[in-house]
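Accompanying notes for the structure given below.
The values are calculated or read from the model by the stated rules, or taken from the named source; none is laboratory data. It should be emphasised that the depicted structure is a prediction, and the values quoted were computed from it without experimental measurement. Ideal geometry is used to build each Cβ from the backbone, glycine not excepted, and the neighbour counts take in all protein chains shown. All accessible areas refer to the heavy atoms of the entire protein, side chains included, with ligands and DNA or RNA removed. Shrake-Rupley method; radii C 1.70, N 1.55, O 1.52, S 1.80 Å.
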Amino acid sequence: MPENFEAAFALAAFHLRIMLGNKDDKNEVKKTKTLLLKAAKLDTTKPQTFALLGIWYETQDDTTRAKGCYQKALGLDPCHPVAGRGIQRLTLSQDEAHSFYERAAKQSSSTVGWAWRALAQQKSRDEGDDTTAVVCLQQALRCRDIQSPTSDNLSLFYENPTFGKDSTSHYCEASETWSELATCYRILGKHSAALRAYEAADAISNGNLSPDTLCNWAKADIDLGLYEEAAEKCAKVTSMSNASTHIHHMAAYIEGEALSFLARNCVNEGKFGQSKSYLEKGISRLSALSTDEHSSKNHYCEMKLLGDLYSSGSSLPSYVFASTSSDEQQMEIEMVTNQLSFLKKGEDAYTLALELAKKDNEDDEDEKEDNMYLIAAAATDLGTNLLSQARVVSKTLDEGSGSGTSSSSLTVASSQVKDLLSRSINAYMCAIDSSPHEASAWCGLGCALIAIDPTMSQHAFSRGLQLDPSLADSWSNIGLLYADHDTDKCSEVLDYLTQVDDTPLMWIGRGFLLEKSARAWTGVSDQDLSKEACLTKASDAYRAALQIMQHPAALLGLSLTCRRTDPRLKEENEVVYAELADKSSKLESRLSMDIHQSLTGNDNIGASLVSGMSQLEEGLDRLNIRDGIESAKLLIDNSSQSLKHAMDAKTDEASGSERNEGESQSTKCEVDLSVSTLLKNEKKEEFSNDMIKSAINQATASSSELVNNKCSCIGLDEARNNVFINPDSGEAWLILANKLAQESKTDASILSSAKVAAQRAFDLLNERVVNATLLNPRRQTSEGKVVEYSDTSVVSSIPSATLLSQSMALLSCLKDMKEETSEEEDESQALATLQESLLLDPSNSIAAASLGVAIVN
């Protein structure tokens with residue numbers, strides 16, 4: 001049947017497929033052309049023959065004839081998927097191609113997905129209309145030629161015939177369309193929809209997404225805060241051998257961004273070691289990139305990100321950079337040296353980025369104005385890096401040591417600090433010269449000028465606010481500048497800062513101002529409650545700051561201000577609240593101080609002293625409640641170490657000041673990091689523990705023979721009076737039950753009263769455990785005036801496990817003392833109660849004696 005068109009076309013298509021797999025076989029190329037021309041002559045009304053002829057001419061780089069064949073096929077069938085994709089590949093003029101796309105899209109056909117996709121690309125790329133592009137892509141995904149192309153016999157010819165076999169082996173048009181839809185969603189700010197579109201693209205391609213799609217997906221993950229997922233996708237791209245050099249650089253840059261965000265989050269969570277590992281991983285990824293055949297502008301972005309990663313080391317405590325040295329003094333020096341070396345590499349990266357930006361300006365005069373912001377950005381970051389180095393060096397001398405220096409200034413006694421500050425100022429000035437409207441550069445200049453000229457610093461911050469009123473850093477810094485000089489202006493600045501950004505500094509500033517207001521009270525009896533109210537509000541402000549971030553200043557402020565209880569509360573029948581407030585405030589203060597010391601590495605001398613004393617206090621409290629003498633002794637070692645560290649630092653500071661008094665002015669200014677160890681004594685005296693041991697022995701002797709300290713300190717009448725004053729206090733009822741149980745040994749008639757008191761104590765304590773509540777002091781009147789106790793913080797009313805254990809054991813023992821014989825169920829219930837009370841408090845002597853076991857110390 002030589003005149004059969006279907007057979008001739010099938011044979012021609014078969015040989016075209018063979019030819020695409022082996023384009024070097026000239027005989028096959030010639031035979032394929034002959035067969036296609038023969039099929040076209042048999043029936044000139046069939047579009048598929050002309051579409052395949054266009055593919056043949058396209059493989060031979062004859063674009064003119066290829067366009068003619070594709071146009072002929074689309075003239076016969078405007079919706080033909082092979083010819084339409086060929087027209088899209090051969091880049092006709094925009095108007096001419098657009099006419100083909102629109103004509104095909106108007107047809108009611110299920111094979112016009114190529115036209116809708118081409119229209120979407122034009123709308124997004126050429127016109128920037130991503131909303132319309134989303135609609136076009138959604139319509140394309142509903143078409144059969146994209147959704148299920150295998151239903152068409154010619155789907156093998158949808159791909160670009162000029163690509164090699166390896167590059168198209170994983171090509172999936174539906175996956176690419178989903179990826180384009182995700183990109184449009186991301187541009188429109190619909191990040192969740194973009195993420196779902198990328199997931200659909202990955203599912204359709206069976207996990208074989210292209211490298212550029214994976215990079216775009218990683219960018220969407222960063223927008224949604226999924227930094228770990230973004231880093232994993234970029235690591236997958238860098239391991240691909242078929243990815244281009246440009247894609248490798250892009251993947252490394254995106255991974256560096258994700259790791260930078262991860263490191264920042266770890267700092268906020270106190271995971272400093274993990275943060276450093278993320279920074280080092282990002283640095284190694286960017287440092288491994290080659291600069292061959294790479295534009296200087298792209299290399300600028302990589303160097304700037306590399307500088308950001310190194311500069312993030314300033315937010316880490318110095319002990320993270322510690323080495324394995326056994327000498328404590330040598331280790332302390334190496335920590336600071338390693339941290340400065342880490343920051344210095346960031347300075348080098350910013351310097352290289354600045355040189356690259358200037359080089360671009362010299363090569364192309366037309367782009368000079370466009371590239372000025374690159375110089376300003378690199379110079380601003382360079383100034384910030386130098387300022388961070390100055391703060392690290394200053395902190396090793398006396399900044400943050402509790403020596404009384406201003407919180408908003410740097411120590412300028414060191415020549416190294418002076419040099420870093422001057423270079424930082426020069427870098428900020430370079431940024432301002434390149435871009436005078438760079439608000440962040442003015443803010444950085446103000447930070448660098450605080451230690452030199454506070455007035456000029458104020459002007460720099462004000463200029464930054466004029467350029468960008470929404471810059472939170474400028475508001476924060478000028479607020480801290482006013483904090484020591486003008487309270488009213490500082491409060492006004494903090495009000496503006498509250499409207500701009502949710503930063504912990506606005507609450508820290510308010511806490512500091514409230515502390516100043518509390519210190520302003522002269523201490524007259526009428527003003528005591530107002531003073532206490534100011535301190536309570538200050539602690540609440542620090543708590544609000546900690547809800548945003550674990551800032552060391554907020555932790556220190558909370559630790560020092562939360563321990564405020566008015567002694568007159570006990571005199572005004574607020575005994576329960578006063579005792580609970582004292583316990584909770586001590587616990588909160590100790591925990592806040594412990595976290596502060598962990599974040600700062602014991603750099604603050606005053607904080608170290610407070611930390612040591614709080615640990616001593618905790619040890620004594622544990623001794624008083626018989627919570628294990630051995631554990632208290634362990635606390636002694638910790639507290640003595642904290643106090644020893646603080647005393648050593650004070651000794652070093654004093655010896656350094658004495659040494660500086662005898663030196664000339666030029667020698668005093670030459671105190672830099674390399675010789676800072678000269679300020680320390682060669683011999684250090686061990687911290688004496690005699691006073692600590694004496695206090696412990698005294699506490700141990702006074703409590704060694706007491707089961708319940710409070711029961712031994714008061715009499716029966718006083719216990720009854722406490723219950724009358726505080727009828728809702730489970731502890732007061734427990735003390736009364738203990739006193740009544742002791743009296744019942746001589747007077748059996750009191751036994752029933754003891755049981756009632758023990759049952760009441762257990763019910764109150766158990767209710768407070770099961771239904772935890774907060775306790776607020778009642779309003780009282782003082783000299784005819786209502787006292788605003790609402791300013792006093794509420795405290796938790798949850799009792800300790802020791803009190804609940806004692807109430808359970810006492811109640812069980814009193815029930816066993818009744819005259820009639822106990823039933824078997826009552827005995828088993830009493831045994832279970834005793835066992836439960838011993839589990840709650842292993843040192844409960846009543847439960848242990850009833851069960852016949854030894855007390856666990």
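Of the residues ASN722, ASN697, which single one is within 48 Å of the chain's Cα centre (by Cα) and either modelled with pLDDT of 50 or more or of a type in the set (Lys, Arg) (or both)? None of the others qualify; the one that does is ASN697.
For the stretch 184-213, residues that are within 27 Å of the chain's Cα centre (by Cα) and open to solvent by 10 Å² or more (accessible area, probe 1.4 Å) total 12. Of the set (1) within 24 Å of ALA201 (Cβ to Cβ); (2) open to solvent by 60 Å² or more (accessible area, probe 1.4 Å); (3) within 21 Å of the chain's Cα centre (by Cα), all apply to HIS246 but (3). Name the single residue that is least open to solvent (accessible area, probe 1.4 Å) among those in the stretch 1-24 being farther than 17 Å from THR162 by Cβ and not in a helix (DSSP H, G or I). Only one residue tops the list, namely ASN4. Among the residues of the stretch 215-243, those identified as within 16 Å of ILE187 (Cα to Cα) and either open to solvent by less than 10 Å² (accessible area, probe 1.4 Å) or out of contact with any Leu (no Cβ under 8 Å at 6 or more places or on another chain) (or both) are CYS215, ASN216, ALA218, LYS219, ALA220, ASP221, ILE222, ASP223.
The residue that is nearest to PHE100 (Cα to Cα), counting only those in the stretch 40-69 that are among the hydroxyl-bearing types (Ser, Thr, Tyr) and not in a helix (DSSP H, G or I), is THR45. Residues in the stretch 243-272 that are closer than 13 Å to SER312 by Cα and either at pLDDT below 90 or not aliphatic (A, V, I, L, M) (or both): 10 in all. Number of residues in the stretch 499-509 that are part of a helix (DSSP H, G or I) and surrounded by 15 or more Cβ atoms within 10 Å (Cβ to Cβ) equals 7. Based on this model, can you work out whether ALA104 counts as open to solvent by less than 30 Å² (accessible area, probe 1.4 Å), in a helix (DSSP H, G or I) and free of Cβ contacts under 8 Å to residues at least 12 places away in the same chain? Answer is no for this residue. Among residues of the stretch 481-500 that are at positive phi, none has a beta-carbon under 8 Å from a residue that is part of a loop (DSSP other than H, G, I, E, B) and open to solvent by 10 Å² or more (accessible area, probe 1.4 Å) at least six positions away or on a different chain. For ALA51, the conditions (1) open to solvent by 70 Å² or more (accessible area, probe 1.4 Å); (2) out of contact with any Asp or Glu (no Cβ under 7 Å at 6 or more places or on another chain) are fulfilled apart from (1).
So, ALA357, is that one of a type in the set (Gly, Ala, Ser), open to solvent by 20 Å² or more (accessible area, probe 1.4 Å), under 21 Å from HIS299 (Cα atoms) and at pLDDT 80 or above or not? No; evaluated as a whole, the condition is false for this residue. For ASP95, the conditions (1) more than 24 Å from SER109 (Cα to Cα); (2) open to solvent by 60 Å² or more (accessible area, probe 1.4 Å) all hold with the exception of (1). Considering only the stretch 101-108, I want to know if a residue exists there that is of a type in the set (Asp, Glu), more than 30 Å from LEU37 (Cβ to Cβ) and under 42 Å from the mean Cα position of the chain (by Cα). No, there is no match, as no residue in the stretch 101-108 is of a type in the set (Asp, Glu), more than 30 Å from LEU37 (Cβ to Cβ) and under 42 Å from the mean Cα position of the chain (by Cα). The residues of the stretch 468-490 that are open to solvent by 40 Å² or more (accessible area, probe 1.4 Å) and in a helix (DSSP H, G or I), listed by number, are ASP473, LEU480, THR487, ASP488, LYS489.
Here GLY86 meets each of (1) open to solvent by less than 30 Å² (accessible area, probe 1.4 Å); (2) in a loop (DSSP other than H, G, I, E, B) with one exception, condition (2). Here ALA427, ALA390 are screened, and the one residue that is part of a helix (DSSP H, G or I) and modelled with pLDDT of 90 or more is ALA427. Take the residues in the stretch 737-757 that are assigned to a helix (DSSP H, G or I) and of a type in the set (Val, Ile, Thr); name whichever of them is surrounded by the most Cβ atoms within 10 Å (Cβ to Cβ). Once the filter is applied, the top-ranked residue is ILE750.
Selection within the stretch 305-320: residues that are part of a helix (DSSP H, G or I) and more than 29 Å from LEU356 (Cβ to Cβ). The member of this set that is modelled with the highest pLDDT is VAL320. The condition of being at pLDDT below 85, in contact with a helix residue (DSSP H, G or I) (Cβ under 6 Å, 6 or more places away or on another chain), open to solvent by 40 Å² or more (accessible area, probe 1.4 Å) and basic (Lys, Arg) holds for only one of LYS531, LYS583, that being LYS531.
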